[in-house]
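Step one of this worksheet: look at the structure below.
The values are calculated or read from the model by the stated rules, or taken from the named source; none is laboratory data. Only a predicted model underlies this, so the values are computations on that prediction, with no experimental measurement involved. Neighbour counts are summed over all protein chains in view; Cβ atoms, including those assigned to glycine, are modelled from backbone coordinates with ideal geometry. Calculation scope for accessible area: heavy atoms of the full protein, side chains included, ligands and nucleic acids excluded. Shrake-Rupley method; radii C 1.70, N 1.55, O 1.52, S 1.80 Å.
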Amino acid sequence: GVVAAANDERISHFMTDQFPYPYSEEDADTWIAKCEGQNPPQSFAILIDGEVAGGVGCEPMGDIRTGTAEVGWWVTPRRWGRGVATVAVRRYIAYCFEDLDLHRLEAGVFLSNPASARVAEKAGFILEGISRDAYLKKGELIDQLSYGLARSQWHQPGDTS
């Protein structure tokens, strides 16, 4: 399940500290309970042949940022390099704009994670800038690639315009 897919230090290396390593049954239960409590759903497991291959979700913002959400994703290493994340994130973008009625999505990517940057770009996100020293991970300051996508910029799958 989730633990087998998520319990790899290489995943947590590029995630917020809310995604722990080691990843325990308790961590999986906490994530599943959070997902089950969302109405409408905002977080999903990525499944391939009934097996957990990753996850995708968002954190909606409030106040004057209502309608904007930070999108994040992860894929288990044995599925890396196969386009899994790109397909999932493309579908998730459509879900966010069509079903969650969001008007803007953002994604922060570690500068040291070019694979995730490719996912963001292939999924339709636009690089809007680089935020210097934006992350503090294990005592190291890391630059963030700041991606964004407004609904007005989004091209729906099959849209030829």
Mind telling me which of the residues 63, 133 ends up being open to solvent by 30 Å² or more (accessible area, probe 1.4 Å) and touching a Leu at 6+ places or on another chain (Cβ under 6 Å)?
133
Taking the condition in contact with a helix residue (DSSP H, G or I) (Cβ under 6 Å, 6 or more places away or on another chain), closer than 17 Å to residue 70 by Cα, at pLDDT 95 or above and surrounded by 15 or more Cβ atoms within 10 Å (Cβ to Cβ), does residue 104 pass?
no
If residue 92 meets every condition in (1) modelled with pLDDT of 95 or more; (2) hydroxyl-bearing (Ser, Thr, Tyr); (3) under 28 Å from residue 140 (Cα atoms) apart from one, which number is that one?
(3)
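Answer yes if at least one residue in region 86-94 is buried (at least 17 other Cβ atoms within 10 Å of the Cβ), β-branched (Val, Ile, Thr), touching a Phe, Trp or Tyr at 6+ places or on another chain (Cβ under 8 Å) and closer than 26 Å to residue 152 by Cβ, and no otherwise. Outline the logic, then answer.
As a first pass, look at region 86-94 and keep what is buried (at least 17 other Cβ atoms within 10 Å of the Cβ): 86, 88-89, 92-93.
Now drop any that are not β-branched (Val, Ile, Thr), which leaves 86, 89, 93.
Right, trim to touching a Phe, Trp or Tyr at 6+ places or on another chain (Cβ under 8 Å) and you get 89, 93.
Adding the requirement that they be closer than 26 Å to residue 152 by Cβ leaves 89, 93.
There is at least one residue in region 86-94 that is buried (at least 17 other Cβ atoms within 10 Å of the Cβ), β-branched (Val, Ile, Thr), touching a Phe, Trp or Tyr at 6+ places or on another chain (Cβ under 8 Å) and closer than 26 Å to residue 152 by Cβ.
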Given the options 138, 122, name the one that is out of contact with any strand residue (DSSP E or B) (no Cβ under 6 Å at 6 or more places or on another chain) and closer than 15 Å to residue 15 by Cα.
138
For residue 13, work out the one condition from (1) of a type outside the set (Gly, Ala, Ser); (2) within 25 Å of residue 130 (Cβ to Cβ); (3) modelled with pLDDT of 95 or more it doesn't fulfil.
(3)
Long-range neighbours under 8 Å by Cβ, at least six apart or interchain, first residue in contact (Cβ under 8 Å) with a residue 60 or more places away in the chain within region 114-138, second surrounded by 12 or more Cβ atoms within 10 Å (Cβ to Cβ) and not charged (D, E, K, R)
116/14; 116/73; 116/85; 116/109; 116/110; 137/13; 137/110
